[in-house]
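Below is one structure; the comments refer to it alone.
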Amino acid sequence: MKRTLILSALFLLASCATNDDYDRRPPMRERSANRAIGVLEIMPPANWWRDDYIAGPVGLRVEQITALDKIGVEQGEAVVQLERDSAAAIRDVRAALDGDPAVTDDIVAAGDRLRTLRDTLFDREVRMIAAERQVLTRSQWQALEDQLRVRPQRERSNQYPGGGRGRGGRGGRRPGWPG
């Protein structure tokens, strides 16, 4: 009897531990997307040289800021337009997927348009970052990379004001809830 009880408890414990680990893993598509994000981490935000928190430690000179402004004007508008077009293409893909009946050719065509726009956007962003890199010295580029690595940590630390999750230190209950 004891042996059966112990074996049952071990089996239950093992199955709970296995299911818990499995549930925490992101789906395959999400894991693939997370790997691709690493490439995008080298892309500084638009007009980063105007953000004192990022640009301050880089130590830009006036002529460098002027050159970066010029790059931002020349290429930044095209990037913004491509981002808008990509958002519209995403809506087109969703609309094609929601169609009743769903038409494969429409879904594929919308997906092809989105892929083309994203490829063009990525190409434009790479050209823009290449031009920005030409303006910076090696030490300035390293300082910019350091700031970009620190930035996500800073944003995460500001995500939950009040020192923890929930409602900014006001407790877990909603105002007006009984109890």
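The values are calculated or read from the model by the stated rules, or taken from the named source; none is laboratory data. What you are looking at is a predicted structure, and each value in this text was computed from that prediction instead of being measured. Counting neighbours? That spans all protein chains shown, and the Cβs are built from the backbone with ideal geometry, glycine included.
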### Query
Could you list, in sequence order, the residues of region 100-111 that are loosely packed, with under 11 Cβ neighbours inside 10 Å and not β-branched (Val, Ile, Thr)?
ASP100, PRO101, ALA102, ASP105
### Message
So, in region 63-77, exactly how many residues are more than 12 Å from ASN47 (Cβ to Cβ), surrounded by fewer than 12 Cβ atoms within 10 Å (Cβ to Cβ) and among the hydrophobic types (A, V, I, L, M, F, W, C)?
### Response
0
### Task
Look at ALA89 and say whether it is under 24 Å from the mean Cα position of the chain (by Cα), crowded, with 17+ Cβ neighbours inside 10 Å and at pLDDT 95 or above.
yes
### Subset of region 48-62 (residues that are out of contact with any Lys or Arg (no Cβ under 9 Å at 6 or more places or on another chain) and either assigned to a helix (DSSP H, G or I) or buried (at least 16 other Cβ atoms within 10 Å of the Cβ) (or both))
TRP48, TRP49, ARG50, ASP52, ALA55, GLY56, PRO57, VAL58, LEU60, VAL62
### Message
Would you confirm whether or not region 129-148 contains a residue that is in a helix (DSSP H, G or I), in contact with an Asp or Glu (Cβ under 8 Å, 6 or more places away or on another chain), at pLDDT below 90 and on the phi < 0 side of the Ramachandran plot?
### Response
yes
